[in-house]
1. Take every Cα-Cα pair in segment A:92-184 and report what % of them are more than 16 Å apart.
2. Run through all the Cα pairs of segment C:141-211 and give the fraction in each 10 Å bin from 0, expressed as whole percent.
3. Can you give the mean number of other chain Cβ atoms that lie within 10 Å of the Cβ atoms in peptide A:196-207?
4. Return, ordered by residue number, the residues of segment C:160-181 whose backbone nitrogen is under 15 Å from a label point located 7 Å along Cα→Cβ of residue A:5.
5. Please report the antiparallel percentage of the DSSP beta bridges confined to the protein assembly as shown, to the nearest 5.
6. How would you classify segment A:57-284 from its alpha-carbon gyration tensor, with a ≥ b ≥ c the square roots of the eigenvalues: rounded for a/c under 1.5, else prolate if a/b is greater than b/c, otherwise oblate?
7. What value, in deg cm²/dmol to 500, does the helix sum -39500 (n - 2.57) over DSSP H runs of n ≥ 4 give at 222 nm once divided by the residues of the protein assembly as shown?
8. Mind checking which of A:249, A:22, A:90 has the largest fluctuation in a GNM of chain A, springs on alpha carbons under 10 Å?
């Protein structure tokens, strides 16, 4: 059938540009030497993986990665959905478009810029937040150096930056819900809230599931760039994640093999989670990615 | 409907064609011009790879001057600013045919040498590079020779400290005191700043002393820590492992606890560091002598406090009279090498050799006498502005090694004079009496274990120092911590150093 | 449609309007701060005195970024690149997602898995570099357009959207003798405008901001895209003893330059944004419209 033909361009691109270079994965199992190239370098088996897993702080680092990632998923996954739902309730089109554009702005600011900003706002002495707290008679909080507060800062700042942009996909999904369904619900006596619950949410449920399952794939990437900029030695115990740890341990060395091994480790875990997530959603909701 | 897909297909086709034409055009242009160059010159075109610069090196006046004077045409390429190491590695491993690669710091040279990616320069220098040989002191030659083979042309620059503890002298005078000279005085001074708030910023905004990191070489010098590796009783020891470090950490932790150091110094955000100092929230800060440090701070503060003055504390005496400023014999400058895949290694060496001949070297660095620079009667040179800026400001990027035996120092001093405020700050920081300069142990060759582990271990040590100063770890726990440093490479370094130490010619 | 205003309406309206407005304000302020910095004097930036409005109005940071031949050429390259790469990628994604959305057809599921596998595993920088080199694509724009055109994440999003389109519509078209291609272009795609607009936006922004591939594969500075140029000059501004043409322009700091680059790279996106926005923000109706 010509259906298969439609797959041909995509398959060609896939095979040439994703599968042909895939032999590079074996770098992780070798001691890479520039001159010998990937194929000529010495085979070392699981050495690089063991190097990661058996290293002194791996336990702490792995735990932190999981905790921070799960915090981010549990807290930050629903918010863009809620934002999209609220946006949908706004009927003044011009205002809605304006607001929608504005809330995506933080996405365009790099972490380098945002760190400068947050460090100032959250500063222990003279920072905006603490000044407000002091006004209400509360003690200043050292957000960035106190292990108890640090993870919260990570989640909050990450959310603030990405929520607006992440909401776009849900706004688009909502736009795809057949308007007639709202009509029908209204006739059945459903108010706006009930309509949100019984029309909108179910209408975008497959999008939500797809995004949630895929999000699980990135669980071992807890925000390396953000954390590298915001953390400092006193919060390593709670904020040091795989990405930041590997960065520090690899300073001064050019370690393609090691970096690739870490990447594969992260990918394998992520991939397994996605498979599980997909199976689970198939069982629970009947919908899945494949 | 098929029309629609046909339309899209045609657009795609057009795009693809135009893209390939576009890129094809570029290729053709480059090819024709280089072919033309090759046929009209007897000397081959040399391809040189350098670090990133905003302006294309090929368009710079200096490139043209050098070509005119030497007869060699050099085509310059740049590495990107971000990811330069990755790009260089890829270029090296895929056999890019540059003739000269000119980097600032040694970087991953050892790796390239071990992998056999560089041309052995020894015979070439013997035959075609007398100036090259002459320009490097024995020490530089030793340090760049691996297995009796030379792979790198490099030179030692003048050593200097890049920054130091800077004081708002105007506020110091306001408090009717002076820049402290002992650790005791320093503590009293800082306490005075805290209590009197001379800049009037308010109790909670007063940070007193803003530091950039846990290591402060002037203060560390007062605890005998000016150098990490020191020879004692014929053996090399690691001072960071001992009591002196614990004393230093205790001192700093005490200051921190009493609110005399910026509580959030460890959080990165260099801009807020400058903000704090220029707003008067600290009276002591670590400022570099470069334009972005001293000069910028002065100009910024002048906008709010007209009579601002900044001076540096250049030494501090500790409890037992210990004092010292970290120093070194020089700073390795320029790493020039030739990849094995170069097609013109001989000509490249000849060219490098040409640049290291005395008058050529002066021409490269200083320009034309009377136009760009003049000779000072008492010795040395002085740039003539603005001509020097226009013609030769970029000369440090074009240097292929340097003449350590004579003009390198003078060129450095002359260039300092380009920017008077920079020179002022430089002199304030680096005018140190000879007896206070503490040199490291001068080994005959680079210590491999150090090259391999230094960056990682330094970070570990800095991080732990920060923790102790901030009270997140106790001074007593330092010994336990240092055991990990030793096991992760510190021991290897000491071992190797002790093997090399007896070999040093006395 | 809704004529009466119940209490519920007031509550939802206020949560929506007030809540979103507050959020929008917090999102806007830092952005305005960045804009302000790009117009401020370096002493004001350094002493942290810039708020939402510029202080010590000064165009030097912007000049540093904009006044250069490389800026103009890289800007043009980026526009060209973004348009071509985005159209190409969206085309491939929209096309490929269609057969992949037909789960029940023989062989589709394993093929889908083959696609998904590449979301997690890849060869890395070195084999890709060698591939491009062997194809003879070094120093051209092709490696910036073709390899990344196949975005599996987007394919999954689009495919999921296709699956929500009622089978009945396609069935009836098929019964009328329409081919798959016709169904795709005449029925499915027009109904998928929101998701297509979304991935168009995502892809365009991604291409507009991409610099890594350009860094690896392009040496000829005439082909450098904008983000690479901007990154490089920021690096330069923050590194210490580099003589640049900045010696001629006195009043400038790394932070100001960084702010200027953000403005320069974000502004074009914001200009184009409304055109795409209208597709995903308004609803569509399958079937007839009711008053």
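Laboratory data are not the source of any read-out in this text; all were calculated from the coordinates shown. Just so it is clear, the model here is predicted, and its values are computed rather than measured. A quick note on method: Cβ atoms are made from the backbone with ideal geometry, for glycine too, and the neighbour counts reach across all protein chains shown.
1. Details: 2900 of 4278 pairs.
Value for segment A:92-184 (Cα pairs over 16 Å): 68 percent.
2. Once binned at 10 Å, the Cα pair distances of segment C:141-211 give 17, 41, 27, 13, 3.
3. Numbers: counts 1, 0, 0, 0, 0, 0, 0, 1, 1, 1, 4, 5.
Across the residues of A:196-207, the mean count of other-chain Cβ atoms within 10 Å is 1.
4. Under 15 Å, as judged by backbone N against the label point of residue A:5, lie C:178-181 of segment C:160-181.
5. Working: 29 of 43 bridges.
Expressed as a percentage, antiparallel bridges in the protein assembly as shown total about 65.
6. Details: a/c = 2.43, a/b = 1.39, b/c = 1.74.
Since a/c reaches 1.5 but b/c is at least a/b, the shape of segment A:57-284 is classed as oblate.
7. Numbers: 54 runs with 615 residues, N = 1087.
One gets -17500 deg cm²/dmol as the mean residue ellipticity at 222 nm.
8. Taking springs between Cα atoms under 10 Å, the residue moving most is A:22.
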